[in-house]
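Visitor: Sharing a structure here in structure tokens format.
Read-outs: derived from the displayed coordinates by stated rules, not from any lab. Predicted model, so just to flag it, every value in this text is computed and none were measured. No Cβ is skipped: glycine too gets one built from the backbone with ideal geometry, and neighbour counts run over all protein chains shown.
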């Protein structure tokens with residue numbers, strides 16, 4: 001059987017099922033092999049069961065669905081509920097801004113000695129580690145390269161442990177929970 005698609009002479013349809021539905025469409029040119037334009041309110045394509053494969057990769061599985069959360073946001077959910085699912089990527093490159101709507105975390109792998117490290121380009125040569133959050137028996141933050149504190153006369157309402165460079169007094173200061181103190185050398 002031949003099926004005519006937009007802009008093509010004919011496309012070959014193979015393997016019709018018992019009801020005459022095509023099982024395979026082979027396009028003869030660079031135009032889309034199959035284009036579906038939905039004019040009504042229903043889905044343009046619905047896969048009730050089974051997977052959609054793109055080569056050897058699954059584009060859709062029977063237990064996950066992509067959902068439109070709002071006009072510019074989509075989510076991954078379990079097919080049988082609105083339970084959100086996680087996404088694991090080998091690498092992620094963001095060309096815009098990463099925003100979160102709730103309290104967020106960056107986590108290193110759950111293994112002894114794991115760390116999160118921040119890297120930046122060093123004078124155009126390569127990426128260099130500039131800071132690290134180290135998980136250990138006593139976790140710590142390490143500035144791998146020299147650190148610059150943003151000058152401030154005093155940061156809003158300080159809480160115990162705040163540490164800043166006072167640009168007015170030209171001194172390093174911290175808040176001990178009761179009062180502001182100046183860091184002095186011994």
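Visitor: Beyond 12 Å, what percent of the Cα pairs of the range 57-110 remain? Present the calculation step by step, with values, prior to reporting the outcome.
Guide: On the way: 1113 of 1431 pairs.
Roughly 78 percent, rounded to a whole number.
Visitor: Here is a further query. For residue 102 and residue 41, compute 0.36 nm times the residue count separating them, minus their Cα-Cα distance, and round to one decimal in nm. Show your work: numbers first, answer last.
Guide: Numbers: separation 61, 0.36 × 61 = 21.96 nm, distance 3.30 nm.
Extra length from residue 102 to residue 41 when fully extended: 18.7 nm.
Visitor: By how many nm would the segment from residue 72 to residue 133 lengthen if fully extended, with 0.36 nm per residue of separation less the alpha-carbon distance?
Guide: On the way: separation 61, 0.36 × 61 = 21.96 nm, distance 3.27 nm.
Result: 18.7 nm gained on full extension.
Visitor: Something else about it: Which Rg and Dmax, in Å, describe the Cα atoms of the range 41-186?
Guide: Over the range 41-186's Cα set, Rg and Dmax evaluate to 23.8, 75 Å.
Visitor: Give the shape of the range 106-164 as rounded, prolate or oblate, defined through the alpha-carbon gyration tensor: a ≥ b ≥ c are the square roots of its eigenvalues, a/c under 1.5 means rounded, and otherwise the shape is prolate if a/b is larger than b/c and oblate if not. Don't jump to the answer; show the numbers that get you there.
Guide: Working: a/c = 2.98, a/b = 1.22, b/c = 2.44.
Oblate is the answer for the range 106-164, as a/c is 1.5 or above yet b/c matches or exceeds a/b.
Visitor: Arrange the peptides 142-154, 90-102 so that the one whose residues have, on average, the most other Cβ atoms within 10 Å appears first.
Guide: Working: 142-154: 10.8, 90-102: 5.5.
Packing proxy ranking, top to bottom: 142-154, 90-102.
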